[in-house]
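Taking it in order: structure first as structure tokens, then the write-up.
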Amino acid sequence: MAHYDFKTIEAKWQKNWADKNLFKVTEDESKEKYYVLEMFPYPSGKLHMGHVRNYSIGDVIARYKHMAGYNVLHPMGYDSFGLPAENAAIKNGVEPAKWTWSNIAEMNVQLRRLGLSYDWDRTVATCHEEYYKWMQWIFIQLYKKGLAYKKENPVNWCPSCATVLANEQVVDGCCERCGSVVGKKSLSQWYFKITDYAEKLLSNLETMDGWPNKVKIMQKNWIGKSVGAEVDFEIEGFDRKLKVFTTRPDTLYGVTYMVLAPEHPYVEQLVEGTGYKAAVDEYLDKVEKMTDIERTSTTNEKTGVNIGRFAINPLTGKKVPVFISDYVLMDYGTGAIMAVPAHDQRDFDFAKKFDCEIIPVVDPGNPDIDINNLEAAFVAEGTMINSGQFDGMNNKAAIEKIIDHLVETGIGKKSINYRLRDWLISRQRYWGTPIPMIHCDDCGWVPEKEENLPVILPTDVEFTGKGESPVATSKTFVDTVCPVCGKPAKREIDTMDTFLDSSWYYLRYCDARNREEAFNYDKVKYWMNVDQYIGGVEHAILHLMYARFFQMALYDMDLVTTDEPFKNLLTQGMVIKDGKKMSKSIGNVVSPDEIISKYGADTARLFILFAAPPERELDWSDAGVEGSYRFLNRVFRLVTDMEDRVKAGADTYELKTSADKSLAYEMNATIKKVTEDAGGRFNFNTAISSIMELVNELYRYKEEKEINNSLLKAAVENMVKVLSPFTPHICEEMWEILGHTESIHNESWPVYDEKALVKDEVEIVIQLNGKVKEKLSVANGLSKDELQKLVMERDNTKELIGEKTVVKVISVPGKLVNIVVK
RNA sequence: GCCGGGGUGGCGGAAUUGGCAGACGCCCGGGACUUAAAAUCCCGUGAGAUUUUAUCUCGUACCGGUUCGACCCCGGUCCCCGGCACCA
């Protein structure tokens, strides 16, 4: 009996596939395409279980779709710019390029050991100049389109990484990467106008049925659309009007004070000559020194100062005081608010502390709430009061009416605000794509000429880990000439946020070796969209929104044919051990290398796919891995034991014995189950369990007196086929043992016979008052009435009912008969 | 605080349209084979009770409802996980 020697088998087939370039794919209009993509890794040098899970899921889908007749694009590459390479340079003096490329080489080996069906001819590495050349080209297109601009602004500054961070990269006021408390710094930085696409990014979500709801909701909240009105308030003795944004124009009559953000541009002029200047300056000074984390800390204690001015309510003419307070943010809305303490909890808290008037304008119509002595802001629906002509209306209905009134009287207008901010893309780092912009004293910022791309990242740099980009230390990089006027000029020394690199790599895969263009239009047209994208939920907002933005912008430039990149999204769960995330500090890390060496890649893949459905957390279990390994041994033994009989079998079979029927049923049921689970539902765990059932059935059949070799051939071969996307090496080997010379990968996916799934007899349940009392085998296809008649006429049933009275009988064909008795 | 997701045996999980709860696997127990062990194969395995080859009762976080019938639908409660968080 042959032994399952996974080491030899896996090495043999990996070489075989590579030699034949089995997974190479080209555009083929005669076939339906399928693009399956896993989020490419950062080449840290070490694959972890999360990667193995991600790529195993993708590989099953790719292999299944290929066998099912699709022209499958399944690429892999490296998101290879980024901080760790630079840190290695600072720490160990290794060149980032060298460090990165050696990591890529290492990961390449590890990925190949997993037996993944990638078209390696399409691989990309974002740090390769053939990639970042086109990254720069896309940047310039965005710039030309008006979607990239430079602006001096206070930005999130990580003191430890010595770089700026996008809003999305600040988590709880701390740097997403290193955890340092993020501060503020005023810097001139490049931004992308992602806010131009806020509405589209939001509204497209509605039709994206192939995305998990969770991710869509997270993006929706992040975009944060608010509909309301912009209202102009006059300020006494000031020639400019103060604009505010509100979602509650219905509460305009309840405004009792105004608040400006400390950074609001009017503050300086407004406080001039009021006698409040000293207090205001002191407050401004205090606020400026605060970090975001302090400023937004959850202690609801409001702070602020009166600036000694009065605003005039445009509807009532009432004079109200003006404050500054840090609970009003400069970068949302207009940086100023009208305060309605009766109907907004934050305003209420502030009013209580600063002793401002509270005027209720929405009546809850609830005797439990004392409207003139509120204990908290009333924010629910009610009836308008104290609001002039609008009294008596429902406040929701009044919103529209008041906006109409504002428009008629020229006081305000309808307005929409988004929480989404523009995307800050400059990084004061070395290991990233140089921003291809040049500053000329005469012409300002101008893009490098496209024929001069790529702007090569210099290598004559020093890594200090402090201050501005190391690129500035290059003797060759900075000085250049203006592409417009030819005078001496200076290059931008900042590099791009690496999230740009990953915002279009899926397009590059469609045409990865193109030296003339970023990607060919027709090739992209053929392959896009990505039919199935797979990755961790941690990318729900950042990467997945940036990539959508890129796709939309490129679509509007007619460079691509769709405005969304990813048709279906699968967010895989984390791999954990003993209920905790795998981490070095806890010491519960299981290395893929170790598992592959001990059990082989097929076992690793099988376990990871079997232990949990892909979206859920996966609890690593060493015993479970043993189980998967045992199963593969069991399958291998079965196939080698049955080899001669299978080879002797014919291509068609007849069912003679009941064991034949049972095996044929199990075979077809398994094909159906795996087809549904691997092809659409992606519940690989149940697909595998059904294959296990078929294998168990085959072991039973093996002991039969009469064995039908032809049926056995069909059952064994189909079993190997449906197993092959999960554990490809062992299946190739078994396929060869069974006498085949072509790769199983190029076999077509088996079809099940619906007729074979119709059993002659079905087991139905007899219930008494909904409780199962008896199971009964009856002929299949009985009607509701026939079934009921048959059951009710049985002696056993009569005995079951006994003295009781039958009230009702529910009969469900093929399922059950429920007798309701009293 | 707001918005999502979840809670099923000792464990991972299954139950696809409201119809046999616990598939498949792990663990554990028993047996066969073996000088022995490993491997393999077979049997058992939600809990409890009893008159124990079987029968009955309970059982999907908790309380209640709808229904002939609820892990599934509805209302309420508790707990866990994730996201956002002074966004006017």
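How about region A:700-712: which of its residues are assigned to a helix (DSSP H, G or I), open to solvent by 30 Å² or more (accessible area, probe 1.4 Å) and more than 16 Å from A:Val635 (Cβ to Cβ)?
Here is the first cut: in region A:700-712, the ones assigned to a helix (DSSP H, G or I) are A:700-702, A:709-712.
Within this subset, residues satisfying the condition of being open to solvent by 30 Å² or more (accessible area, probe 1.4 Å) are A:700, A:702, A:709.
Passing the criteria: only A:Asn709.
Any chance you could count how many residues in region A:655-685 are near RNA strand B (Cβ under 8 Å from one of its atoms) and touching a residue at least 40 places away in the same chain (Cβ under 8 Å)?
First, the residues of region A:655-685 that are near RNA strand B (Cβ under 8 Å from one of its atoms): A:673, A:676-677, A:681, A:683, A:685.
Imposing the further condition that a residue be touching a residue at least 40 places away in the same chain (Cβ under 8 Å) reduces the set to A:683, A:685.
Matching residues across region A:655-685 total 2.
Kindly evaluate A:Ile337 against the criterion of being within 10 Å of RNA strand B (Cβ to nearest atom) and either over 19 Å from A:Arg419 (Cβ atoms) or under 39 Å from the mean Cα position of the chain (by Cα) (or both). Break it down into steps so the answer makes sense when it comes.
Working: within 10 Å of RNA strand B (Cβ to nearest atom): yes; either over 19 Å from A:Arg419 (Cβ atoms) or under 39 Å from the mean Cα position of the chain (by Cα) (or both): yes.
Yes: the conditions hold for A:Ile337.
Quick check: anything in region A:152-170 surrounded by fewer than 19 Cβ atoms within 10 Å (Cβ to Cβ), at pLDDT 85 or above and closer than 26 Å to A:Val446 by Cβ?
yes
Considering each of A:Tyr42, A:Tyr70, A:Tyr4 in turn, give the residue that is within 28 Å of A:Cys178 (Cα to Cα) and either in contact with a strand residue (DSSP E or B) (Cβ under 7 Å, 6 or more places away or on another chain) or not aliphatic (A, V, I, L, M) (or both). Let's see the steps before the verdict.
Numbers: A:Tyr70 fails: within 28 Å of A:Cys178 (Cα to Cα); A:Tyr4 fails: within 28 Å of A:Cys178 (Cα to Cα).
Exactly one residue qualifies, and that residue is A:Tyr42.
Is it true that A:Lys598 is open to solvent by 10 Å² or more (accessible area, probe 1.4 Å) and part of a helix (DSSP H, G or I)? Steps first, please.
Working: open to solvent by 10 Å² or more (accessible area, probe 1.4 Å): yes; part of a helix (DSSP H, G or I): yes.
Considered against the rule, which asks whether it is open to solvent by 10 Å² or more (accessible area, probe 1.4 Å) and part of a helix (DSSP H, G or I), A:Lys598 comes out as yes.
Mind counting the residues in region A:240-262 that are part of a strand (DSSP E or B), open to solvent by less than 20 Å² (accessible area, probe 1.4 Å) and within 12 Å of RNA strand B (Cβ to nearest atom)?
Number of matching residues: 5.
Each row is one residue, and each column tells you yes or no for (1) on the phi < 0 side of the Ramachandran plot; (2) at pLDDT below 85; (3) in contact with a strand residue (DSSP E or B) (Cβ under 9 Å, 6 or more places away or on another chain); (4) surrounded by 13 or more Cβ atoms within 10 Å (Cβ to Cβ).
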{"site": "A:His740", "(1), (2), (3), (4)": "yes, no, no, yes"}
{"site": "A:Trp749", "(1), (2), (3), (4)": "yes, no, no, yes"}
{"site": "A:Glu754", "(1), (2), (3), (4)": "yes, no, no, no"}
{"site": "A:Val758", "(1), (2), (3), (4)": "yes, yes, no, no"}
{"site": "A:Ile766", "(1), (2), (3), (4)": "yes, no, yes, yes"}
{"site": "A:Leu787", "(1), (2), (3), (4)": "yes, no, yes, yes"}
{"site": "A:Val807", "(1), (2), (3), (4)": "yes, yes, yes, no"}
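Looking only at region A:94-109, count every residue that is surrounded by fewer than 18 Cβ atoms within 10 Å (Cβ to Cβ) and in contact (Cβ under 8 Å) with a residue 60 or more places away in the chain and tell me the total.
Let us first name the residues in region A:94-109 that are surrounded by fewer than 18 Cβ atoms within 10 Å (Cβ to Cβ), namely A:94-95, A:97-98, A:102, A:105-106, A:108-109.
Checking which are in contact (Cβ under 8 Å) with a residue 60 or more places away in the chain leaves us with A:95, A:97, A:106.
Of the residues in that region, 3 qualify.
Of all residues in region A:373-410, which are farther than 12 Å from A:Leu252 by Cα, among the hydrophobic types (A, V, I, L, M, F, W, C) and in contact (Cβ under 8 Å) with a residue 12 or more places away in the chain?
Correct list: A:Leu374, A:Ala376, A:Ala377, A:Phe378, A:Val379, A:Ala380.
Restricting to region A:626-641, count the residues that are farther than 18 Å from A:Ser724 by Cα and more than 7 Å from RNA strand B (Cβ to nearest atom).
1
If a residue has to be farther than 20 Å from A:Asn313 by Cβ and either part of a loop (DSSP other than H, G, I, E, B) or without any contact (Cβ under 8 Å) to a residue 12 or more places away in the chain (or both) to count, how many in region A:341-360 make the cut? Write out each step before concluding.
To start, the set of residues in region A:341-360 that are farther than 20 Å from A:Asn313 by Cβ comprises A:345, A:349, A:352-353.
Cutting the leftovers down to either part of a loop (DSSP other than H, G, I, E, B) or without any contact (Cβ under 8 Å) to a residue 12 or more places away in the chain (or both) gives us A:352.
Residues in region A:341-360 being farther than 20 Å from A:Asn313 by Cβ and either part of a loop (DSSP other than H, G, I, E, B) or without any contact (Cβ under 8 Å) to a residue 12 or more places away in the chain (or both): 1 in total.
Hey, any hits in region A:361-373 for a residue that's outside any loop (DSSP other than H, G, I, E, B), polar (S, T, N, Q) and either under 30 Å from A:Glu294 (Cβ atoms) or touching a Gly at 6+ places or on another chain (Cβ under 9 Å) (or both)?
Step one: list which residues in region A:361-373 are outside any loop (DSSP other than H, G, I, E, B), which gives A:362-363.
Those left that are additionally polar (S, T, N, Q): none.
There is no residue in region A:361-373 that is outside any loop (DSSP other than H, G, I, E, B), polar (S, T, N, Q) and either under 30 Å from A:Glu294 (Cβ atoms) or touching a Gly at 6+ places or on another chain (Cβ under 9 Å) (or both).
Mind counting the residues in region A:340-372 that are more than 15 Å from A:Thr303 (Cβ to Cβ), open to solvent by 20 Å² or more (accessible area, probe 1.4 Å) and either more than 14 Å from RNA strand B (Cβ to nearest atom) or touching a helix residue (DSSP H, G or I) at 6+ places or on another chain (Cβ under 8 Å) (or both)?
Just the residues of region A:340-372 that are more than 15 Å from A:Thr303 (Cβ to Cβ), to begin with: A:340-345, A:348, A:357-372.
Checking which are open to solvent by 20 Å² or more (accessible area, probe 1.4 Å) leaves us with A:344-345, A:357-359, A:363-372.
From what's left, either more than 14 Å from RNA strand B (Cβ to nearest atom) or touching a helix residue (DSSP H, G or I) at 6+ places or on another chain (Cβ under 8 Å) (or both): A:344, A:357-359, A:363-372.
Summing the residues that are more than 15 Å from A:Thr303 (Cβ to Cβ), open to solvent by 20 Å² or more (accessible area, probe 1.4 Å) and either more than 14 Å from RNA strand B (Cβ to nearest atom) or touching a helix residue (DSSP H, G or I) at 6+ places or on another chain (Cβ under 8 Å) (or both) in region A:340-372 gives 14.
Tell me the residue from A:Val575, A:Val589 that is open to solvent by 40 Å² or more (accessible area, probe 1.4 Å), under 35 Å from the mean Cα position of the chain (by Cα), more than 22 Å from A:Val720 (Cβ to Cβ) and not aromatic (Phe, Trp, Tyr), please. Outline the logic, then answer.
Details: A:Val575 fails: open to solvent by 40 Å² or more (accessible area, probe 1.4 Å).
Answer to the selection: A:Val589.
Of the residues A:Ala97, A:Ala85, which single one is under 27 Å from the mean Cα position of the chain (by Cα) and assigned to a helix (DSSP H, G or I)?
Values: A:Ala97 fails: under 27 Å from the mean Cα position of the chain (by Cα).
Only one candidate passes the filter, namely A:Ala85.
Please identify the pairs in which a residue from region A:505-528 that is among the small types (Gly, Ala, Ser) has its Cβ atom under 8 Å from the Cβ atom of a residue that is open to solvent by 20 Å² or more (accessible area, probe 1.4 Å) and assigned to a helix (DSSP H, G or I), counting only partners at least 6 apart or on another chain.
A:Ala512/A:Asp121; A:Ala512/A:Arg122; A:Ala518/A:Trp137
Count, please, the residues in region A:579-596 that happen to be free of Cβ contacts under 8 Å to residues at least 40 places away in the same chain, of a type outside the set (A, V, I, L, M, F, W, C) and in contact with a strand residue (DSSP E or B) (Cβ under 9 Å, 6 or more places away or on another chain).
Taking region A:579-596 as the starting set, the residues that turn out to be free of Cβ contacts under 8 Å to residues at least 40 places away in the same chain are A:580-581, A:583-588, A:594-595.
Now narrow it down to the ones that are of a type outside the set (A, V, I, L, M, F, W, C): A:580-581, A:583-585, A:587-588, A:594.
Filter again for in contact with a strand residue (DSSP E or B) (Cβ under 9 Å, 6 or more places away or on another chain), leaving A:581, A:588.
The qualifying residues number 2.
Looking only at region A:374-413, filter to residues that are in contact with a strand residue (DSSP E or B) (Cβ under 6 Å, 6 or more places away or on another chain) and in a strand (DSSP E or B); which one of those is most open to solvent (accessible area, probe 1.4 Å)?
Checking each candidate, the answer is A:Lys413.
Pull up region A:763-791, narrow it to residues that are of a type in the set (D, E, K, R) and within 13 Å of RNA strand B (Cβ to nearest atom), then point me to the one that is farthest from A:Asn818 (Cα to Cα).
The first filter runs over region A:763-791 and keeps only residues of a type in the set (D, E, K, R), leaving A:763, A:771, A:773-775, A:784-786, A:789.
Now drop any that are not within 13 Å of RNA strand B (Cβ to nearest atom), which leaves A:763, A:771, A:773-775, A:784.
Details: A:Glu763: 14, A:Lys771: 8, A:Lys773: 10, A:Glu774: 11, A:Lys775: 12, A:Lys784: 12 Å.
The residue in question is A:Glu763.
Take A:Glu106 and decide whether it is at pLDDT 95 or above, under 25 Å from A:Cys127 (Cβ atoms), in a helix (DSSP H, G or I) and acidic (Asp, Glu).
Numbers: at pLDDT 95 or above: yes; under 25 Å from A:Cys127 (Cβ atoms): yes; in a helix (DSSP H, G or I): yes; acidic (Asp, Glu): yes.
So A:Glu106 fits the description; yes.
The values are calculated or read from the model by the stated rules, or taken from the named source; none is laboratory data. If you're wondering where the values come from, they're calculated on a predicted model, not measured in any experiment. Glycine also receives a Cβ, built like all others from the backbone with ideal geometry; neighbour counts cover every protein chain displayed. Note: accessible area is taken over every heavy atom of the protein model, side chains too, but ligands, DNA and RNA are not part of it. Shrake-Rupley method; radii C 1.70, N 1.55, O 1.52, S 1.80 Å.
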